[in-house]
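Have a look at the structure below, then the notes.
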Amino acid sequence: MTAIPTARTPALLALAVAAALAGAVALPFAANAAPQAGPATATAESKGQQLNRLYAEHWEETLKLNPLQATFQGDSRYNDQMPNFLSEASRIEAHDFTTRWLKRIEAIGPEGLSGQDRLSYDIFVKTAKDALESEKYPTHLLPVDQFTNIAAFAAQLGSGSSAQPFKTVKDYENWRARASKLPEIFDQAIVNMREGVRQGVVQPKPLMQKVLPQFDALTADKAEATLFWNPIKNMPASFSDADKARLTAEYRTMIEQELMPAYRRLRTYIVEEYLPACRDTAGMGDLPNGQNWYAFNAYQSTSTRLTPAQIHQIGLDEVARIHGEMHEVIKDVGLKGSLQDFFKHLTTEKKFEFESEEALLTYYRSIEARLEPGLDRMFNLKPKAGFEIRPVEAFRAQSAAGGQYSPPSEDGTRPGIFYVNTYDLPSRKTWDSEDLFLHEAKPGHHFQIALQQELKGLPDFRRFGREIAFSEGWGLYSETIGRELGVLKDPYMYFGMLQNELWRAIRLVVDTGFHSKGWTREEVIKYMLENSAAGETDSVSEAERYMAIPGQALAYKIGQMKITELRARAEKQLGSRFDIKAFHDEVLKDGSVPLDVLEAKIDRWIAERKKV
């Protein structure tokens, strides 16, 4: 997974935190500006240029107002800043900013625009209107869960394992200034959660119970025992003795007298007040206006108006289809018994386990070399950005997904990173490895997201924005073409691909089951265990993920099915003129777009190639 694991909220700085936690890019609407309406009489010839200037102005203001987006983009100008993105003032600013910019862009209008100019206009306007519509739903009252919370986010930044740089004295001073704002945000989270209790907008209890060990892993009496001390421990030798002494003293004060008390206040509030008020139910349907809230989340994640009931049925149909393919694999390997017997074989046989964390990481790194010939056969477009594989940090591994992708910085100093989860090592199976690499790394998220950031001539809100159904759909599509790329040759590896495709189909069933049909946590876990090869650890982690970020998990299968459908359409209509490299170029060359936009442009591409 990457990209945006939460539903959108008008507090766009809060989205940056959620996005950063999952290695995603933030949305393009931030807060507090007062643009003037542009002339509606601009000529068709000048409109595109005029709009692109406005998009650039808008993005520059966005970075100033959303310094976390700038940091993750590799822009260091605002690395010392951290607004209180959970505050009411921030939500008001976000509303005003989006409203004013939408008015300014719509004043110019779409008439006469074509190609990339029309695409940019449509995406900008849609995203702005969606951001305003999201204000109906009080996401800010749910600021903490086991997947996205300021405590874990701050630790990632402050430990030096994320986008916050620690190379120069100025870098160290920037984090000292930024970290000084964290206690205010922690306290704001408490204020918001108290209001959530008053309104009946609270988290399910199991999620908050999972948060407590995260806090415990991040707090200590002595600064040296915390992750926040890592920058001091790893301080560059080139710093002067005076700077080393000063920074060491300042960081000790910051950690022991500012950050740790803030962590303890938030944890105490959760234990003593919030947890007793949390709900025993799992789905959004039990929240005020929860059914509409979930339907909006589903729309945001899939960029379609499919209803939760329709998505649920698609999931059931796909589960049945994939089960059929799995039975064929069982025949191929010569085993007897039911599908459940085979699932048990896959999850209990020692031969499918890695001997050590290093053995797991070494194997994942070997996959890249084996893929290269196939990537050359099927892709023209490849990112220039570097790429690394790293283990998920220990403090968040228990609740993290099996793999996550973090995009590279724009300046190339930080590569794209594929984080592999090594927690509960026996549950990380060999047969899952090639497929996970295809999705998170190449040709999945690294190709799509890094390429998008490298596109020239597009406004930055498109280069750094994201349509989750497209990006996660592309990741899952990348899994399905593994055999064409020269991997998944082993039947167990291929079964691993089917298992993960099945998992995404199951998500359609259980996510909608949770949030529109009232399924319990236990019912969802039972369904996953009975219908897949997933073990208890993954089933629990995934079930609680869907509880924490309703609707996000729908994006994968819906997006993949649309890309697969469009490829089949192109192959049928073009026959011998179909070129897989050209098709992949067309899908990727405009970056992340809504699925209806993708379908329209592929149909135009097919029509153009028919004329050749």
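Read-outs throughout are calculated quantities, based only on the coordinates presented, and are distinct from any laboratory measurement. Computed from a predicted structure; not experimentally measured. We place every Cβ from the backbone using ideal geometry, glycine too, and count neighbours over all the protein chains shown.
Amide H to amide H, which residues 5 or more places from ILE389 or on other chains are under 5 Å from it, using H placed in the peptide plane?
Answer set, sorted by chain and number: PHE418.
What is the extension gain from LEU455 to SER114, computed as 0.36 nm multiplied by their sequence separation minus the C-alpha to C-alpha distance, in nm to one decimal? Spell out each step's value before the answer.
Numbers: separation 341, 0.36 × 341 = 122.76 nm, distance 1.84 nm.
Taking LEU455 through SER114 to full extension adds about 120.9 nm, to one decimal.
Take every Cα-Cα distance within segment 392-526, group them into 5 Å bins from 0 onward, and report for each bin the whole-number percent of pairs it holds.
Per 5 Å bin, starting at zero, the Cα-Cα P(r) for segment 392-526 comes out as 2, 9, 15, 18, 19, 17, 11, 6, 2, 0 percent.
Dipole magnitude of segment 155-295 about its Cα centre, charges +1 at Lys/Arg Cβ and -1 at Asp/Glu Cβ only, in debye to the nearest 20?
160 debye
Taking the DSSP beta bridges in segment 296-556 as the whole, what percent of them are antiparallel, to the nearest 5?
50 percent
Okay, which of segment 494-523 sit inside 15 Å, backbone N to the point 7 Å along the Cα-Cβ direction of GLU325?
494-507, by backbone N distance to the label point.
If only Cα atoms are counted, what is the Rg of segment 570-611, and what is its Dmax, in Å?
Over segment 570-611's Cα set, Rg and Dmax evaluate to 10.1, 29 Å.
Run through all the Cα pairs of the chain and give the fraction in each 20 Å bin from 0, expressed as whole percent.
20, 55, 24, 1
So what J values fall out for segment 437-446 if you push phi through Karplus, 6.51 cos²θ - 1.76 cosθ + 1.60 with θ = phi - 60°, rounded to Hz, Gly and Pro as x?
Values per residue, Gly and Pro as x: 5, 4, 6, 7, 10, 10, x, x, 5, 5 Hz.
Treating the Cα atoms of segment 296-556 as identical point scatterers in vacuum, please give the log10 of the normalised Debye intensity I(q)/I(0) at q = 0.13, 0.17 Å⁻¹, two decimals.
-0.87, -1.50
Please work out the FRET efficiency for the pair ARG569 and ARG264, using the Cβ-Cβ distance as r and a Förster radius of 60 Å; give the result to the nearest 0.05.
About 0.55, to the nearest 0.05.
Along the charge dipole of the chain, which of ILE417, LEU371, ALA553 sits closest to the positive end, that is, farthest toward it, with unit charges on the beta carbon of Lys, Arg, Asp and Glu (+1, +1, -1, -1)?
LEU371
Quote the relative contact order of the chain in percent (integer), defining contacts as alpha-carbon pairs under 8 Å separated by 6+ residues.
18 percent
Would you work out if segment 454-532 is rounded, prolate or oblate? Take a ≥ b ≥ c from the square roots of the eigenvalues of the alpha-carbon gyration tensor; rounded if a/c is under 1.5, else prolate when a/b is larger than b/c, oblate otherwise.
The shape class here is oblate.
Taking a virtual spin label 7 Å from the Cα of GLU57 along the C-beta vector, which residues in segment 93-107 bring their backbone nitrogen under 12 Å of it?
Within reach of a label on GLU57, which here means backbone N under 12 Å from a point 7 Å along Cα→Cβ, segment 93-107 contributes 101, 104-105.
Go ahead and collect, in residue order, the members of segment 381-398 whose backbone nitrogen is under 15 Å from a label point 7 Å along the Cα-Cβ direction of LEU425.
It comes to 391-392, 394, nothing else.
Compute the distance from the alpha-carbon center of segment 78-145 to that of segment 304-321, in whole Å.
30 Å
Output the antiparallel fraction of DSSP beta bridges having both residues in the chain, as a percent to the nearest 5.
Values: 5 of 11 bridges.
Given both bridge residues lie in the chain, the antiparallel proportion sits at roughly 45 percent.
If packing is taken as the average count of other Cβ atoms within 10 Å, what order do 471-484, 382-395, 408-421 fall into, highest mean first?
Result, highest mean Cβ count within 10 Å first: 471-484, 408-421, 382-395.
If we sort 239-245, 319-325, 155-161, 486-492 on the protection proxy, mean other Cβ atoms within 10 Å, highest first, what's the order?
155-161, 486-492, 319-325, 239-245
Output wanted: per-residue J couplings in Hz (rounded whole) for segment 99-110, from phi through Karplus 6.51 cos²θ - 1.76 cosθ + 1.60, θ = phi - 60°, x for Gly and Pro.
Residue by residue, segment 99-110 yields 4, 5, 5, 4, 4, 5, 6, 5, 5, 7, x, x Hz.
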